[in-house]
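Read the structure below first, then the notes.
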Amino acid sequence: MKRISLATLILIVAAALAAPALAAPVAPGISADEAMRVLKAGNARYVEGKPQHPHQDRARRALTAAQGQHPLATILTCSDSRVPAEIIFDQGIGDIFVVRVAGNVAATDEIASTEYAVDHLAVPVVMVLGHSQCGAVTAVIDNAKLPPNIASLVAPIKPAVDKAREANPQAAKDVLLKAAITDNVWQAIDDMLRQSPIIREKVRDNQVQAVGALYDLDSGQVQWLGPHPDQAKLVGAKKGAPAKSGKKGKKPKKSEE
C-alpha cells in the first residue's frame, strides 16, 4: 500500500473542510444591507468585465437540490433578453428569485410570485429593475395599436407614462421615455405595496427592503434608486407603533375679563 505524505494528507483534509464553505448558500439569515452589498459588488464586477460566475457548478446544483433555495433577493424585471438578472449581478444558482415580465409590471401573477419569495423564502430584498430603451414603455408612449393580450399586459404602465408627460410636457421623446421608465419602476413598487398586504407588512416591519433600480443596456451599469419616495405613506405605521389620536384637543377657555 502506498504511503500518503503528510503534505498530501493536509491538503486533502483542508479541501474537505473548505468544500462546504465554498458551496454554502449566501442566505438564509443575510440582512437586506448585506444582500444589497452582494448585488452591487456583482454588478460592479460585471461592468468591469471581471465576473466570478459564483455558484454555477455541479456542487451548487447538488446543494440546492438537496437543501432547497435561499435566494438573497427577488428581482422583478423585464423579459427583455438583454436584461438577464443573474448575469448582470454576477450571481448563480439559487442566489436570485427572478420574476420576469414585459415592462416589469406588477400585476397579479408578478405580485403573487413576489409574495412567495418574501413569505416562504424569506428574501430580505425586493427589487423592481427597469431598463433603458424599454419597448413596453415605448409602446405606451406611442399609443401603439396592440393585440388585446399585450394591451392588457402593458396597461399598468399607463399611469407612469401619464405622470412623466405631466412632469415633462414639452420634452423630446427620448427624455420622456427615460422619465417614464423611472416612473414605471415606482409604479410597479406602488402597485405591489398597495395590492399585497403580505409585502406591505414585511416592508413596514423592516423585514424586507423594497427598492427600485435601472439597468443601462449599453454600459451594463445598474443605477440604484432606493426605496419608493412615498414608501412611508404606502406602508403605513409600523406594527406596535402608538396610533395618533384623531381627536382634537379641547380649546382653552378664554379668560374672563
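Some notes on this structure:
- On inspection, Ala180 passes the criterion of being touching a residue at least 24 places away in the same chain (Cβ under 8 Å), part of a helix (DSSP H, G or I) and either over 16 Å from Pro227 (Cβ atoms) or open to solvent by 30 Å² or more (accessible area, probe 1.4 Å) (or both).
- Filtered residue count, the stretch 193-226, keeping only those that are part of a strand (DSSP E or B) and of a type outside the set (S, T, N, Q): 10
- Exactly one residue among Val83, Val118, Val126, Val101 is within 12 Å of the chain's Cα centre (by Cα), surrounded by fewer than 24 Cβ atoms within 10 Å (Cβ to Cβ) and not small (Gly, Ala, Ser), and that residue is Val118.
- Residue list for the stretch 126-170, filter: under 17 Å from Arg100 (Cβ atoms) and either without any contact (Cβ under 8 Å) to a residue 24 or more places away in the chain or hydrophobic (A, V, I, L, M, F, W, C) (or both): Val126, Met127, Val128, Leu129, Cys134, Ala136, Val137, Asn149, Ile150, Leu153, Val154, Ile157
- Yes/no for Asp218 being on the phi < 0 side of the Ramachandran plot and open to solvent by less than 60 Å² (accessible area, probe 1.4 Å): no
- Inter-residue pairs, beta-carbon under 9 Å, first farther than 25 Å from Val154 by Cβ and of a type in the set (A, V, I, L, M, F, W, C) and in the stretch 85-100, second open to solvent by less than 10 Å² (accessible area, probe 1.4 Å) and not in a strand (DSSP E or B), 6+ apart: Phe89/Leu39; Phe89/Gly42; Phe89/Asn43; Phe89/Asp95; Ile93/Arg60
- Given (1) surrounded by fewer than 17 Cβ atoms within 10 Å (Cβ to Cβ); (2) under 12 Å from the mean Cα position of the chain (by Cα), number of the condition Leu76 does not satisfy: (1)
Conditions (1) touching a strand residue (DSSP E or B) at 6+ places or on another chain (Cβ under 8 Å); (2) at positive phi, marked per residue:
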{"position": "Gln52", "(1), (2)": "no, no"}
{"position": "Asp57", "(1), (2)": "no, no"}
{"position": "Arg61", "(1), (2)": "no, no"}
{"position": "Ala73", "(1), (2)": "yes, no"}
{"position": "Ser81", "(1), (2)": "no, no"}
{"position": "Asp90", "(1), (2)": "no, yes"}
{"position": "Ala112", "(1), (2)": "no, no"}
{"position": "Val118", "(1), (2)": "yes, no"}
{"position": "Val125", "(1), (2)": "yes, no"}
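- So Arg60, is it buried (at least 18 other Cβ atoms within 10 Å of the Cβ) and modelled with pLDDT of 95 or more: yes
The values are calculated or read from the model by the stated rules, or taken from the named source; none is laboratory data. What you see is a predicted model, and the numbers here were worked out from it, not measured in a lab. Using ideal geometry, Cβ is built from the backbone for each residue, glycine included, and neighbour counts are taken over all protein chains shown. For the accessible areas, the whole protein counts, side chains as well, though only heavy atoms, and no ligand, DNA or RNA atoms are used. Shrake-Rupley method; radii C 1.70, N 1.55, O 1.52, S 1.80 Å.
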